[in-house]
Amino acid sequence: MPSRKFADGEVVMGRWPGSVLYYEVQVTSYDDVAHLYTVKYKDGTELALKESDIRSQSSFKHRKSQSSSSSPSRRSSSRSRSRSRSPGRPAKGRRRSASQSREHKEDKKKPSQEPSIALPVFVLFKPSENNTKRYNGEPESTEKNATACIILEQKLKPDLEMKRVLEQYSLRPRKDDKKKEEIYSEKKTFVAVKPIEKVSTKTKEMEFGGRVGTFMLMLVLPATVFYLLLMCKQDDPSLLNFPPLPALESLWDWRVFGVILLWFFLQAAFYLLPIGKVVEGLPLSSGRRLQYRINGFYAFILTAAAIGALLYFEFELHSLYDHLVQFAAAAAAFALALSVYLYVRSLRAPEEELAPGGNSGYFIYDFFTGHELNPRIGSFDLKYFCELRPGLIGWVVINLAMLLAEMKIHNLSVPSLSMILVNSFQLLYVVDALWNEEAVLTTMDITHDGFGFMLAFGDLVWVPFVYSLQAFYLVGHPTTISWPVAAAITALNCIGYYIFRSANSQKNNFRRNPADPKLANLKFIPTATGKGLLVTGWWGFVRHPNYLGDIIMALAWSLPCGFNHILPYFYVIYFICLLVHREARDEHHCKQKYGLAWERYCQRVPYRIFPYIY
């Protein structure tokens, strides 16, 4: 195996990924397994580069020409320079031959072969093909034209002209120039044939407590779901009144498992219907964009029609209340089986398709976080499908079943006001998510996290059976609230929803098209990746205003349950913990990705979620 070429701490020239520009970087570490150097740019950005993308500084420096002599007469003005001193020029009054004149003209047209260290290096690609578009200080252009190229060329024009002058008066022999022409032509051929690739690296920093933490979470998460459901069934659901453990055979019913399979494949059939638009996701590390069909709202309408037909034929949907624990057990078994399938198939996935956070090499950790980033069966994207369809729509169906169960058990002609508020608030949330389905393509779940047990269990079990906890609680513990209280809770939910939706829309529109005239009033900090960090609007108020809106809505969902027990407030407590942890993860990733630009953003926007508090 070849030894490493560059030492830690050495200052070299590194190529920016996806471009042909070289910048001064410092080597910080070397991965012996992946054979990748971790380098740090001047703005603080850290990236992993192959050895072929790194060059020594000496290969970029010009040879000193005699035109840079220390002679005062040479420094003062080019006009006062004596031409007779240059052996490369003919004597005064001596006429050049035609061949010499042609050579001189051709030399003037030759591009400089040794770029200055102060300038980025252009090899063969057009600047419009550069994924980063521009380096620090310039926002990314979303239009596919040569605008960025023209601007960059105008900025570099004075320096390039100086380089041509230095090249013109260089005293190198002609044979050196010919050698350089050959080397340069070889470089052009090599670059034109070999595309730029980004090699996926091993996960160095493990989250969730590493292998031990993820193993414990795989035990604690299912236990928490069953604990909450069993507590809601008790007459006194206080934390100190631990529920009796049910017999294992009472938790499993093959008919219930069949219903779970039927539900999953019914939603999959709706997903495959050729209705709705097809959009592209964010670029992957390879530069490729995956296509996604946006038809979640149509799937919701079809599901509502199917449920309506069942109720018309007097199907007893309220019986779901008596078997909810069995449904949770069946969903957990299905999520576990799906996770095993996802991990086994990920072992055959190419390196560039693995998740950046789930490629540690440790089975437990990769199984939990997800080894493959975007597992697909043909055009069927498993992670994207599970993110919104079976769990989120299933959540609404469970809420409806709880509403019918309340009316059945308590002999009500209409649901209670508390149950109506809980169902209405959460229905609005689900419909909003499905209506704005395209926005999920920019979330951390899609762009960073792999699809493993964490997301499979979360999407298929945690969301439908824990998020419906308030409705499940109200069936056995009815709570009466007055109309003024209901109006106040509704106003609180509307405030949270407004913050949540407007902040997300602002972010998604800016990510999709920063040049949109509707966003002209927004200010942002440019980054080395070409993206901007918003510092006005909601994102100048706190760093995660969407999380703030989410937490306010979560509180509004719990308030209709009253204050007799803390159990219905589990959701808002858990959600605060979840979003604070996710914010910390996002903070860590953004600091690595954006470097000094992120530090400037944090100085500009000091509060993370809660203004003047956190």
Among (1) at pLDDT 95 or above; (2) within 24 Å of the chain's Cα centre (by Cα) - the single one Ala305 does not satisfy: (2)
Among strands (runs of 3 or more DSSP E) entirely within the range 1-61, at least 2 residues that are out of contact with any helix residue (DSSP H, G or I) (no Cβ under 9 Å at 6 or more places or on another chain) and over 20 Å from Thr527 (Cβ atoms) occur in 22-31
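For the condition under 30 Å from Tyr594 (Cβ atoms) and either in a helix (DSSP H, G or I) or in contact with a Leu (Cβ under 9 Å, 6 or more places away or on another chain) (or both), what is the one hit in Ile499, Ile495, Ile489, Ile481?
Details: Ile495 fails: under 30 Å from Tyr594 (Cβ atoms); Ile489 fails: under 30 Å from Tyr594 (Cβ atoms); Ile481 fails: under 30 Å from Tyr594 (Cβ atoms).
Every option except Ile499 fails the conditions.
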Kindly list the number of the only condition in (1) open to solvent by 30 Å² or more (accessible area, probe 1.4 Å); (2) part of a helix (DSSP H, G or I); (3) hydrophobic (A, V, I, L, M, F, W, C) that fails for Ala515. (2)
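Yes/no per residue for (1) over 22 Å from Thr442 (Cβ atoms); (2) β-branched (Val, Ile, Thr):
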residue: Glu352; (1), (2): no, no
residue: Gly357; (1), (2): no, no
residue: Gly361; (1), (2): yes, no
residue: Glu372; (1), (2): no, no
residue: Arg376; (1), (2): no, no
residue: Glu387; (1), (2): no, no
residue: Val397; (1), (2): yes, yes
residue: Leu421; (1), (2): yes, no
When every residue in the range 289-330 that is among the charged types (D, E, K, R) and within 27 Å of Ile377 (Cβ to Cβ) is compared, the one surrounded by the fewest Cβ atoms within 10 Å (Cβ to Cβ) is Arg289
Residue check for Gly394: closer than 15 Å to Leu460 by Cα and more than 22 Å from the chain's Cα centre (by Cα): yes
In the range 237-260, how many residues are without any contact (Cβ under 8 Å) to a residue 12 or more places away in the chain, within 12 Å of Ala331 (Cα to Cα) and among the hydrophobic types (A, V, I, L, M, F, W, C)? 1
Cβ pairs under 8 Å, 6+ apart or interchain, first in the range 446-469 and within 12 Å of Gly370 (Cα to Cα) and in contact (Cβ under 8 Å) with a residue 40 or more places away in the chain, second outside any loop (DSSP other than H, G, I, E, B) and of a type in the set (Phe, Trp, Tyr), ordered by first then second residue, are Ile446/Tyr384; Gly452/Tyr343; Gly452/Phe367; Gly452/Phe368; Phe453/Phe367; Phe453/Phe368; Met454/Phe368
Report, ordered by the first and then the second residue, all pairs with beta carbons closer than 7 Å, sequence separation of six or more or different chains, a first member in the range 536-553 that is aromatic (Phe, Trp, Tyr), and a second member that is outside any helix (DSSP H, G or I) and open to solvent by less than 20 Å² (accessible area, probe 1.4 Å). Tyr547/Ile609
Name the residues in the range 56-76 that are open to solvent by 80 Å² or more (accessible area, probe 1.4 Å) and at pLDDT 75 or above, would you? Ser58
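Say we look at the range 402-436 and pick out the residues that are among the aliphatic types (A, V, I, L, M) and farther than 16 Å from Tyr467 by Cα; which of these is surrounded by the fewest Cβ atoms within 10 Å (Cβ to Cβ)?
Going through the qualifying residues, I end up with Val414.
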Quickly run through the range 1-55 and pick out the residues that are basic (Lys, Arg), open to solvent by 50 Å² or more (accessible area, probe 1.4 Å) and closer than 28 Å to Tyr601 by Cα. Lys40, Lys42
Single residue of Ala439, Ala456, Ala487 found to be within 29 Å of Arg288 (Cβ to Cβ) and open to solvent by 20 Å² or more (accessible area, probe 1.4 Å): Ala439
Those residues of the range 336-359 which are closer than 17 Å to Tyr384 by Cα and either open to solvent by 70 Å² or more (accessible area, probe 1.4 Å) or outside the structural domain of Arg376 (by the TED database) (or both), in sequence order: Tyr341
Looking for something out of contact with any Cys (no Cβ under 8 Å at 6 or more places or on another chain), acidic (Asp, Glu) and open to solvent by 70 Å² or more (accessible area, probe 1.4 Å) - is there at least one such residue anywhere in the range 597-614? yes
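The values are calculated or read from the model by the stated rules, or taken from the named source; none is laboratory data. These numbers come from a predicted model, not from an experiment. Note that we place each Cβ from the backbone using ideal geometry, even for glycine, and neighbour counts take in every protein chain shown. Side chains included, ligands, DNA and RNA excluded: accessible areas come from the protein's heavy atoms. Shrake-Rupley method; radii C 1.70, N 1.55, O 1.52, S 1.80 Å.
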